[in-house]
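K.L.:
My questions will all concern the structure given below.
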Amino acid sequence: AYANPAFLSMFGYESLEEIMGLSEEMLISPEQRDETRRRKQDRFIGGRVPLSYEAKGIKKNGERFDLSVRQTRIEYRGEPAI
């Protein structure tokens, strides 16, 4: 597994181990999780959804911050991923 160091810092984490087991949805405000999940699923199956959108992120300490989410479908280890 891998996490970009800038991503970890942005969310207030220091290591990959700290975020292991957290779903990416847990890093988004609860009010926006359903929408984020729907957009990800639509993007995964090739649906026409905006490439990026604004959301509220949640840091390790609970602080919320403005976040620009960009979801791209890629191949990872021979499997499609977002």
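The values are calculated or read from the model by the stated rules, or taken from the named source; none is laboratory data. None of these values were measured; they are calculated from a predicted model. FYI the Cβ positions are ideal-geometry reconstructions off the backbone, even for glycines, and counts take in every protein chain you see. We work out accessible area using only protein heavy atoms, side chains counted, and drop any ligands, DNA or RNA first. Shrake-Rupley method; radii C 1.70, N 1.55, O 1.52, S 1.80 Å.
K.L.:
Using the heavy atoms of the protein chains and a 1.4 angstrom probe, tell me the accessible area per residue for the chain in square angstrom.
P.N.:
Here the residues of the chain average 71 Å² of exposed surface.
K.L.:
In addition: Within the set of other residues whose C-beta is less than 10 Å from the C-beta of residue 12, count the net charge using Lys and Arg as +1 and Asp and Glu as -1.
P.N.:
-1
K.L.:
Helix-derived [θ] at 222 nm for the chain: sum -39500 (n - 2.57) over DSSP H runs of at least 4, divide by residue count, nearest 500?
P.N.:
Value at 222 nm, helices only, nearest 500: -7000 deg cm²/dmol.
K.L.:
Just to confirm a number: summing +1 for Lys and Arg and -1 for Asp and Glu over residues other than residue 29 whose beta-carbon lies under 12 angstrom from that of residue 29, what do you get?
P.N.:
-3
K.L.:
Calculate, in nm to one decimal, what residue 1 and residue 60 gain on full extension: separation in residues at 0.36 nm each, minus their alpha carbon distance.
P.N.:
The span from residue 1 to residue 60 would gain 19.3 nm if fully extended.
K.L.:
Below 8 Å, C-alpha to C-alpha, sequence gap of six or more: please give me the relative contact order for the chain in percent.
P.N.:
In percent, rounded to a whole number, it is 25.
K.L.:
While we're looking at this one, here's another question. At a 1.4 Å probe radius, carbon and sulfur cover how many percent of the accessible area of the range 16-82?
P.N.:
50
K.L.:
Run through the chain and list the trypsin sites (Lys or Arg not before Pro) located in a DSSP loop whose Cβ has at most 16 other Cβ atoms within 10 Å.
P.N.:
Sparse-neighbourhood loop trypsin sites (Lys or Arg not before Pro): 48, 59, 60, 73, 77.
K.L.:
Follow-up question, since we're still on this one. What do you get for chymotrypsin sites (Phe, Trp or Tyr not before Pro) in the chain restricted to DSSP loop and a cutoff of at most 14 other Cβ within 10 Å of the site's Cβ?
P.N.:
2
K.L.:
If I build a Gaussian network model for the chain, linking alpha-carbon pairs within less than 10 angstrom, which residue out of 58, 19, 28 has the largest mean-square fluctuation?
P.N.:
Among 58, 19, 28, the largest mean-square fluctuation in the Gaussian network model of the chain belongs to 19.
K.L.:
State which stretch of the chain is the longest one without any exposed GluC sites (Glu not before Pro), exposure meaning a DSSP loop state and at most 15 other Cβ atoms within 10 Å.
P.N.:
Answer - 15-62.
K.L.:
Rounded to the nearest Å, what's the spacing between the alpha carbon centres of the range 1-40 and the range 46-77? Just the number, please.
P.N.:
9
K.L.:
HN-Hα J couplings of the range 23-40 from phi, Karplus 6.51/-1.76/1.60, θ = phi - 60°, integer Hz, Gly and Pro as x?
P.N.:
These are the phi-based 3J(HN,Hα) values: 6, 4, 5, 5, 8, 10, 4, x, 5, 10, 5, 4, 5, 4, 4, 5, 4, 5 Hz.
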